[in-house]
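Chemist: Would you mind keeping the following structure in view while I ask a few things?
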Amino acid sequence: MYKTLSSWRGLLVVVIVLYHTPILELCEAAHMGVSLCFVMSGALLAMRHPRAECSWWQWMWPRARRIYLIHWLVLALLLIMQWPMGDCVTDWTLPANALLVQAWVPVRDFCLSCNKPSWFLCALLACYACYPLLSRLMSSLSLKCKWMIAVSLLVAHCVVMGVVSVEMRDWFFFLPVIRLGEFVWGMVVGASLPSLDKRLGEWLRARAHAVEAAVVAFVLAVIIAVGRMPWLDCCEDIAVWWLPVSCIVAMSVLLNGSEGLVGRLMLTWPMRWLGSINLEVYLLALPVTYFYSHYLAAVAGHFGHPEFYGISWPITLPLILIAASILRYLTKKFSK
């Protein structure tokens, strides 16, 4: 169990939530957080299940069950809050969102219908669905061939994003097929880590503090650089993150059990708790924000406190964390 990976995901999910409050300065870090989830998922599956031997249904059922259970509970909560306000969706975007197929429709408003963050679940389900076939196809390939495929996907992504219109780029950001590229990249990273561990594992663990400092410095440098390089817009802030997030994944795996200062911070109880509820936090961001803006702030404004309309994340973030903990508890109970 690579606990620091879960903590990293939890931390970056909070960054994504804060970006949408909005704190626009966190834009690049938020995009990196989304990319980390896909790369990390591919890497972990490649390490734990190098080749999916079970049937497709046996593979998908436990993953789809968890995703749909959380998604339906959050969607129901959002609809219950929207109904009294007259904002409840009644067109065909609702069943598409409930079934998690909305991200396949090339219309931004359709992709982001109902609970907007759920586009991520649509793309993640597509990656999970493809993994049994991908693992079988790639199991017979050498590591060198796998990296040739990964690099080809990276180049193809940049070329496609460079030639399509800005409007198409906007949709491609959410398209599951596009996200499948970084998932495959993660699979190759995961397949490479055992060999890297044999060659450099002991050397890296002996210098854990320096390795972590170098990785964090590299990630921060990319975040700063991307914000100042508009020509990278053709990559739609996806491909530029494949290497930085791969470094985070590799660092967490190779230093597992021998963490430096950064790793020990990620292993503290608050960070591990945040990692355990990362999916719930991500999905509950919109419902809690809606509840705050349409109910709490409205009531406060009615009683002469309009300043609540200008306050967001200092109140919504704690509410999201509390609601996520409750949702996590409920889904564990339902799963049993």
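Chemist: Could you check the spin-label model distance between His294 and Val159? Points 7 Å from the Cα along Cα→Cβ, value in nm.
Modeler: Simple spin-label model gives 4.6 nm for this pair.
Chemist: Identify, among His294, Val166, Ile70, the residue whose Cα sits farthest towards the positive end of the charge dipole of the chain, taking +1 on the Cβ of Lys and Arg and -1 on the Cβ of Asp and Glu, with the dipole about the Cα centre.
Modeler: Ile70
Chemist: For the chain, which DSSP H helices look membrane-span-like by this rule: Cα extent along the axis of 15 Å or more and mean Kyte-Doolittle of at least 0.0?
Modeler: Span-like helices in the chain: 3-19, 27-48, 56-82, 119-139, 143-163, 176-206, 208-227, 242-254, 278-291, 313-335.
Chemist: Which entries in Lys3/Lys333; Lys116/Lys332; Lys198/Lys332; Lys146/Lys198; Lys116/Lys144 show an alpha-carbon gap greater than 27 Å?
Modeler: Lys198/Lys332; Lys116/Lys144
Chemist: Turning to a different aspect of this structure: Starting from the Cα-Cα distance between Glu202 and Glu25, subtract it from 0.36 nm times their residue separation and give me the gain in nm to one decimal.
Modeler: Gain on extension, Glu202 to Glu25, equals 59.9 nm.
Chemist: Show that you can apply the helix-only estimate: for the chain, add -39,500 (n - 2.57) for every DSSP H stretch of four or more residues, divide by all residues, and state [θ] at 222 nm to the nearest 500.
Modeler: About -24000 deg cm²/dmol.
Chemist: Follow-up. Can you pull the one-decimal nm distance between simple spin-label points at Cys54 and Phe218, each 7 Å off the Cα toward Cβ?
Modeler: 3.5 nm
Chemist: Still on this structure, I have one more. Working out 0.36 nm times the residue gap between Ser152 and Leu99, then minus their Cα-Cα distance, what length gain in nm do you get to one decimal?
Modeler: Length gained between Ser152 and Leu99: 15.9 nm.
Chemist: Moving on. If we count other beta carbons within 10 Å of each Cβ, what is the order of Glu28, Glu182, fewest first?
Modeler: Taking fewest neighbouring Cβ atoms as first place, the list is Glu28, Glu182.
Chemist: Once a ≥ b ≥ c are taken as the square roots of the eigenvalues of the Cα gyration tensor of region 149-302, is the result rounded (a/c under 1.5), prolate (a/b larger than b/c) or oblate (a/b not larger than b/c)?
Modeler: Because a/c hits 1.5 or more and a/b fails to exceed b/c, region 149-302 counts as oblate.
Chemist: Using the basic label-point model (7 angstrom from Cα toward the beta carbon), what is the Trp269 to Arg108 distance in nanometres?
Modeler: If labels sit at Trp269 and Arg108, their model points lie 4.4 nm apart.
Chemist: Which of Ala123, Ala323, Ala214 moves most in a GNM of the chain, Cα contacts under 10 Å?
Modeler: Per the Cα network of the chain with a 10 Å cutoff, Ala214 tops the list.
Chemist: Would you mind classifying region 1-138 by shape? Square roots of the alpha carbon gyration tensor eigenvalues, ordered a ≥ b ≥ c; an a/c under 1.5 is rounded, otherwise it is prolate if a/b is larger than b/c and oblate if not.
Modeler: The shape class here is oblate.
Chemist: Calculate the FRET efficiency for Ile326 and Ala210 from the Cβ-Cβ distance with a Förster distance of 45 Å, rounded to the nearest 0.05.
Modeler: That gives a FRET efficiency of 0.65.
Chemist: Cα centroid distance between region 10-48 and region 131-180, in Å?
Modeler: Region 10-48 and region 131-180 have Cα centres spaced 19 Å from each other.
Chemist: Principal axis lengths of region 79-201 from Cα atoms, whole Å, largest first?
Modeler: 61, 33, 26
Chemist: Ok, one more. Determine the shape class of region 166-214: with a ≥ b ≥ c the square roots of the Cα gyration tensor eigenvalues, call it rounded for a/c under 1.5, and otherwise prolate if a/b is greater than b/c, oblate otherwise.
Modeler: Note, shape of region 166-214 comes out oblate.
Chemist: Where in the chain is the longest stretch that carries no chymotrypsin sites (Phe, Trp or Tyr not before Pro) classed as loop by DSSP and with at most 16 other Cβ atoms within 10 Å?
Modeler: 93-302
Chemist: To continue, here is another question. Cα convex hull of region 3-335: mean projected area in nm², to one decimal?
Modeler: 18.3 nm²
Read-outs: derived from the displayed coordinates by stated rules, not from any lab. Quick caveat: nothing in here was measured; it's all calculated off a predicted structure. When we count neighbours, we look across all protein chains shown, and the Cβ atoms used for this are built from the backbone with ideal geometry, even at glycine.
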